[in-house]
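Peer 1: Here you go, one structure.
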Amino acid sequence: MMEETVEAAESIIKKWDPNSPSYTKIISLFSHSRKEAKEFIRCIRDLRRAMHFLISQHSQSAKLVLAQHLMQIAMARLEKEFFQILSSNRDQLDPESVSGHSSISSNSEFEDVMQSSDDEEEDELKKAGETITKVEKAAALVMSDLKVIAETMISCGYGKECIKSYKLIRKSIVDEGLHLLGIEKCKISRFNRMDWDVLEHMIKNWIKAAKIGVITLLRGEKLLCDHVFSASSTIRESCFYEIVNEAGINLFKFPELVAEKKPSPERIFRLMDLYAAISDLRPDIELIFHFDSVAAVKTLVLSSLKKLKDSIYTSLMEFESTIQKDSSKALTAGGGIHKLTRSTMSFISSLSEYSRVLSEILAEHPLKKNTRMLESYFTAPILEDEHNNHAVSVHLAWLILVFLCKLDIKAESYKDVSLSYLFLVNNIQFVVDTVRSTHLRNLLGDDWLTKHEAKLRSYAANYEIAAWANVYISLPEKTSSRLSPEEAKTHFKRFHAVFEEAYMKQSSCVITDAKLRKELKVSIAKKIVPEYREFYGKYLPTLSKERNIEMLVSFKPDNLENYLSDLFHGTPILSGSSSSSSSLSSSSCISLGCVRN
């Protein structure tokens, strides 16, 4: 019976032998007729069984020699078919189509394909994925053909001939795919000469390319390789290594080289972008490169992440050091917002957007904190929070504290104490506003804001005392006995002198926050205007006989509110100019509730 099987196989196999007179001149058996292709595969299966029997029972049989010859012809034909399917179906086997095919069941194994008809195979695909597209269906059929050929050749001992063409074609596709994504082999000498601006642009492109490269290109290649060579784990691993190992090394060498660049604060955000991108891809990388033969790629990925972590942390420490070492002497006019305040809070608020990355890095570097100092600035929720962002919250609050200490030092550079307090008011207000309006609020909490808003109000109160206390005490206390005209005259002169002095000095000051500016002006006006109005109404009539009373009493109560409303816009009034108190006294007055913002 086995000899009959060999004879039956001869007619079918020689039909597709180019050297046989009965050769059918068709380019591809599988594209010409799937029915005949299945018959050809079934014939080889039967032939293989017959050969095993003859070897064990009739090793000297002439039919065994014929069977071996027929097997060589059949394998040569399948090797050619395998190559043609791979090379002519590049579109159906592109990584995106293959990735989409991942949801389709791969139960079209050797026996199933041999036994099913064309209609049955189509039904099988429909059941496996009702929503797949025509392209994905075409890819599924091509993958099924490749798998059947590979399984057949491997089972017959011709696996080496099968994988030769597979490696050649698929490696060229992977290499071309990475090239189109802009991924090239990094030349270290050229890389080290690149400016950071160029690298920053490359990092952005790499992040986009890596996502496509891993999730679509390499993942698709892994799925295809696993599907086609499911019959042999050894061949599957060997093929995958040859195709993607070099590509994987080239892909992940770039972030490692970037991490090896000298760290600095201005580079930290691109480094964190790189770290986040690779971390997001880690699960896919672990699945794709799980073979021992491609472990070098996973090792490189882990090395890149470790070096990026170290570089990010070093950059963070350098940022803190930069704040502490800042020695700029230039003071802002009128106690306004210092440029260090803007740059520092912009940097820290940007850091807060990377809390997931920072939590992983800072968890390995707990802050060596001065507990007493921390407790005075940090709120209990921050110190006690045990969530993932605990380390981030503490560290960012610490950076703000370091900056606030630097602000205190800069405030001392002002010769005028009142201006020092106003400088702190403006800059702390900016800090508080930044925290309130960014992700920092979620990390630091409302208690932090409450504590620093209280500090802000304390500095504002200190400013009032330092700048306007002499004006407040220049008028007599209400409990004092009635003043004589001469004493009243003295108090008028004293009030006018100290008010004008304070006004001239404070006219150059600025408060950048409109709400705070209005609140402070109202507070000052409430302490001065009512007291002066009462004194003015009570004692001005006693000076009716004085000559040049307009010069003696140059400020009317209503005008004081107007003068105060012009404060904190950073527009100084020169005492010798026409904008002095005498000319200002003609300005229209406004009520306390309508002080100019």
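The values are calculated or read from the model by the stated rules, or taken from the named source; none is laboratory data. The structure displayed is predicted, hence computed values, not measured ones. When we count neighbours, we look across all protein chains shown, and the Cβ atoms used for this are built from the backbone with ideal geometry, even at glycine. Surface areas here come from the heavy atoms of the whole protein model, side chains and all, with no ligands, DNA or RNA. Shrake-Rupley method; radii C 1.70, N 1.55, O 1.52, S 1.80 Å.
Peer 1: Could you pull out every one of the lysines with an alpha carbon less than 27 Å from that of residue 545, ignoring same-chain neighbours closer than 8 positions?
Peer 2: Once the sequence-local lysines are set aside, what remains near residue 545 is 478, 489, 493, 556.
Peer 1: Any of 306/368; 134/211; 208/339; 208/298 with alpha carbons more than 27 Å apart? Name them for me. Let's see the in-between values first.
Peer 2: Working: 306/368 22 Å; 134/211 25 Å; 208/339 34 Å; 208/298 20 Å.
Violating the 27 Å Cα-Cα cut-off are 208/339.
Peer 1: Accessible area per residue, 1.4 Å probe, Å², for the range 214-290: what's the number? Can you show the working numbers first?
Peer 2: Values: 2620 Å² over 77 residues.
Accessible surface, normalised per residue, equals 34 Å².
Peer 1: Can you tell me the FRET efficiency between residue 325 and residue 483 if r is taken as the Cβ-Cβ distance and R0 is 41 Å, rounded to the nearest 0.05? List each step's numbers first, then the result.
Peer 2: Values: r = 58 Å, r/R0 = 1.41.
The value I calculate is 0.10.
Peer 1: Below 12 angstrom from the Cβ of residue 255, what's the summed charge of the other residues (Lys, Arg +1; Asp, Glu -1)? Walk me through the numbers on the way to the answer.
Peer 2: Values: positive: 253, 261, 270, 306, 307, 309; negative: 256, 260, 273.
Overall, the nearby charge balance is +3.
Peer 1: Still on this structure, please answer the following. Starting from the 7 Å offset along Cα-to-Cβ, what nm value, one decimal, do you get for the label separation of residue 185 and residue 469?
Peer 2: Result for the modelled spin labels: 7.6 nm.
Peer 1: At 0.36 nm per residue, minus the direct Cα-Cα distance, what do residue 201 and residue 571 gain on full extension? Give it in nm, one decimal, please.
Peer 2: Details: separation 370, 0.36 × 370 = 133.20 nm, distance 4.39 nm.
That pair, residue 201 and residue 571, stretches by 128.8 nm at full extension.
Peer 1: Give me the one-decimal nm value for the distance between modelled label points at residue 543 and residue 494, 7 Å along each residue's Cα-to-Cβ direction.
Peer 2: 1.4 nm
Peer 1: Treat each spin label as a single point 7 Å out from the Cα along the C-beta direction, and report the residue 346 to residue 437 distance in nm.
Peer 2: 1.3 nm
Peer 1: Could you tell me which of the pairs 222/262; 410/505; 455/538; 204/455; 80/222 are separated by over 32 angstrom between their Cα atoms in the structure shown?
Peer 2: Values: 222/262 36 Å; 410/505 20 Å; 455/538 39 Å; 204/455 42 Å; 80/222 23 Å.
Violating the 32 Å Cα-Cα cut-off are 222/262; 455/538; 204/455.
Peer 1: Right, another one. Placing unit charges on C-beta atoms (Lys and Arg positive, Asp and Glu negative, everything else neutral), compute the dipole magnitude of the range 128-262 about its Cα centre in debye, rounded to 20. The partial results should precede the final answer.
Peer 2: On the way: 21 positive and 18 negative charges, 54 e Å.
For this selection, approximately 260 debye.
Peer 1: State the extension gain, in nm to one decimal, for the chain segment bounded by residue 134 and residue 55, taking 0.36 nm per residue of separation less the distance between their alpha-carbons. Could you put the intermediate results ahead of the total?
Peer 2: Working: separation 79, 0.36 × 79 = 28.44 nm, distance 4.61 nm.
Answer, rounded to one decimal: 23.8 nm.
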